[in-house]
Structures are given as C-alpha cells and as structure tokens.
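Scroll down for the structure; my scribbles are underneath it.
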Amino acid sequence: MLITGKRHAYYVKYKVGFDKSGKIKAVAAQMYSDGGHSVDYSPMVLEHTMLMFESTYKIPNLKLNGQVCKTNTATGTAMRGFGNIQAALMMEELIFRISVALQVPQAQVRHANHLKEGDVLSYGMSLKNCTIGECWEKCAMDSRYNERVVAVQQFNKQNRWKKRGMTMTSCRFGIGFPKIFMMQGAALVHVYLDGSILITTGGVEMGQGLNTKLIQVASRALGAPMEKIFINETSTQTVPNAMGTGGSTGADICGPAVIDACIKLNERLAPFKDKIPDGNWERWIKKLWSSYKRIESSKTSKYHMKTCIMLSVLPSLLSTVSSWEKIDI
C-alpha cells in the first residue's frame, strides 16, 4: 500500500476578483501537482484539472498555470474523477472565501455565478442545454433547503456543544474520451434452452453498477425477466479488442451494444412470438427450440459512438448535478 499510486495532492496560489453581489470577475491561479517519483498520468490529470477548474461557475477572465512536481513519494496516478475532484475543491474554496468576505450565504454566491445557456467556457465551448439553474432550483425545492437552513440556525442557537450545518453545492463532470475510436463497445448475448440469458461485454464492473444496468437494458430490449439474465466475466476470449472502462462511458457504450444484439435476436424470435401472442419468455424460447427451424440464438454486436463533440482533449459530454447535505458536529 505504501508504494501504490494515489490521488494527486495539489497546492494552489490564487487571486480572485468579485463585486459586491458576489459575482466573480476574474481569477488567476497557479497550481502545483504532487506527481510522485514518476510521470505516470500526472500531466493528463493536471490538464483535466485545469480544464474543469471553472466547475459550474462563469469566470469572465481566467488565467491558469499548472506544474507537475517530482517528489520522493509514491507516484500519483489515475483515480475516480481524474482531476475533477481537485478542480471542484479549488473552486469551492474560492466560493467560500467570497461568502466570508461579503458575509453572505455560500449558496447565494454559488447561484449568482452559475453558468447559463450560451455561456462560453474558458476553452471555447459554448454551452447548449445548460440545466444547472434548473437542477439547482429543483434541488432547493425538493430538499426544502431554505426552510431547513432556518431550522439549522435555530438549532445552533439553542445548542452550545452540538452544531449542525446545511449546504448545497453543484458540480460539472466531463464524460467520455478525447478520441472517437475510444468510444466503442462490444457485447455477446447468448440465449439458452431454459430461457436464461448470458451477456458478455468489454466493460468491467468495478462497483459502479455496470452489470445491473446491462441486465436492465437487456430485460427491456428482449422482454425477458431480469432474474433470467446473467453477466459473464469480462474476457478477451469472448469479446476482443474492447476499450478501457473509464470516463463514465461503460454503460453508455456497452449498453447500446447489448441493445443492438438484442434487437437482432428479437428479429429472429419474432415469428415464434407471433404464434404465441399471449406467451411469456420461457414459452417462446421452448417453442423456438422444439421447432424444426433452427436459428442462431447468440449474437455478437459492436457499437460505435457515431456523434461526438471533439474539442482538443475535452470530453464529449458534460453533466451537471446539484446536491444538498446536512451534518451534525
């Protein structure tokens, strides 16, 4: 564990200019990344941190400089978030400092600086379908944020040793890979005599719920019960030349590959479904296997992402979320 690569630590020097309403006018920052004893993914992580520095906020004037530092520690490497986490922490620190200086709630400063439809990011990307404002308002309404903030303040006045905090924040995350050939997935779908289904894809389940999503996708596409569907271990013997699972793309590229295979299997099953319109999945499969007409009951499918916004090394998709949290101390 001592020599295993970790998430990159950062040291940042910054200056921020803002008006009396809390709107950010300019930011200048110099960031240093602890790369460890070898290069590894450090330059790419730093690059992603700089590209995502703005988070969900509009910064009209932005100057960023970054430097990877060689140190006598374990090398920094790729971790979940890939530079996004550090960027979000830096930006939220700026928001916090502005709120302290103006003596206003952090949520007020955040909302005042949120990106809007048509805003242009520092690297030239114009935002379309920007929903951060809608996300923010819905999160505040569904969580009863303002009402609960008042309750938290009242609780803190009445309790000397135990305190509560309530906050709401937003973030932006890049989805995808910079090269179009990396946005492709493959799947192999088997249907067996008892109606069970075995799916093999090039995606790797690592706790993100990929297998559950693929089962749901296949269940809906084939009209089969989810308990009949199983996921095989990822292997290049069955699904060769798969892309790496990362960038939050696993379900987005493997899912359509599964759907494509299921559509082709459905085309073969259609005559048997027509003969037993009131049947279920098991009856249709048994009818297929008991007929004289044998058909191929496995299908391999390849899915290629056909459309992708390519901007330098930027992700193809951007997602925005808002969340709230209450804590006791």
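The values are calculated or read from the model by the stated rules, or taken from the named source; none is laboratory data. The model shown is predicted, which means the values in this text are computed figures rather than measured ones. Please note: Cβ atoms are built from the backbone with ideal geometry, for glycine as well, and neighbour counts cover all protein chains shown.
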Original post:
Which of the residues that make up segment 59-78 are among the polar types (S, T, N, Q), within 22 Å of Y14 (Cα to Cα) and in a loop (DSSP other than H, G, I, E, B)?
Top reply: none
Original post:
So which strands (runs of 3 or more DSSP E) stay within segment 162-254 end to end and still have 1 or more residues that are in contact with a strand residue (DSSP E or B) (Cβ under 9 Å, 6 or more places away or on another chain) and more than 30 Å from V109 (Cβ to Cβ)?
Top reply: 184-191, 197-201, 229-231
Original post:
Any idea which of (1) free of Cβ contacts under 8 Å to residues at least 24 places away in the same chain; (2) touching a Ser or Thr at 6+ places or on another chain (Cβ under 9 Å); (3) within 27 Å of Y32 (Cα to Cα) is the one G118 doesn't satisfy?
Top reply: (3)
Original post:
Which one of these does R172 not meet: (1) over 30 Å from L115 (Cβ atoms); (2) in the same structural domain as R110 (by TED's automatic domain parsing)?
Top reply: (1)
Original post:
Among (1) closer than 21 Å to C130 by Cα; (2) free of Cβ contacts under 8 Å to residues at least 12 places away in the same chain, which single condition is R80 missing?
Top reply: (1)
Subject >> Scope segment 99-122; condition farther than 16 Å from D19 by Cβ and surrounded by 13 or more Cβ atoms within 10 Å (Cβ to Cβ); matching residues >> reply: P105, Q106, A107, L115, D119, L121, S122
Original post:
Only one of (1) in contact with a strand residue (DSSP E or B) (Cβ under 8 Å, 6 or more places away or on another chain); (2) in a loop (DSSP other than H, G, I, E, B) is not met by A107, so which one is it?
Top reply: (2)
**OP:** Among the residues of segment 33-73, count how many are in contact (Cβ under 8 Å) with a residue 60 or more places away in the chain, hydrophobic (A, V, I, L, M, F, W, C) and in contact with a Leu (Cβ under 7 Å, 6 or more places away or on another chain).
**Re:** 2
**OP:** Please specify each residue of segment 79-89 satisfying the condition of being assigned to a loop (DSSP other than H, G, I, E, B) and among the aliphatic types (A, V, I, L, M).
**Re:** M79
**OP:** Please determine, by comparing only the residues of segment 48-58 that are part of a helix (DSSP H, G or I) and in contact with a Gly (Cβ under 7 Å, 6 or more places away or on another chain), which one is modelled with the lowest pLDDT.
**Re:** H48
Original post:
Out of the residues in segment 199-223 that are in contact with a Ser or Thr (Cβ under 9 Å, 6 or more places away or on another chain) and of a type in the set (A, V, I, L, M, F, W, C), which is surrounded by the fewest Cβ atoms within 10 Å (Cβ to Cβ)?
Top reply: M206
Original post:
Inside segment 68-115, can you point out the residues that are in contact with a Ser or Thr (Cβ under 8 Å, 6 or more places away or on another chain) and closer than 20 Å to V149 by Cα?
Top reply: E92, P105, Q106, A107, Q108, V109, R110, A112
**OP:** Please go through segment 80-98 and pick out each residue that is within 21 Å of G174 (Cβ to Cβ) and surrounded by fewer than 16 Cβ atoms within 10 Å (Cβ to Cβ).
**Re:** R80, L89, E93
**OP:** Take segment 11-47 and flag every residue that is among the hydroxyl-bearing types (S, T, Y), part of a strand (DSSP E or B) and surrounded by fewer than 21 Cβ atoms within 10 Å (Cβ to Cβ).
**Re:** Y11, Y14, Y32
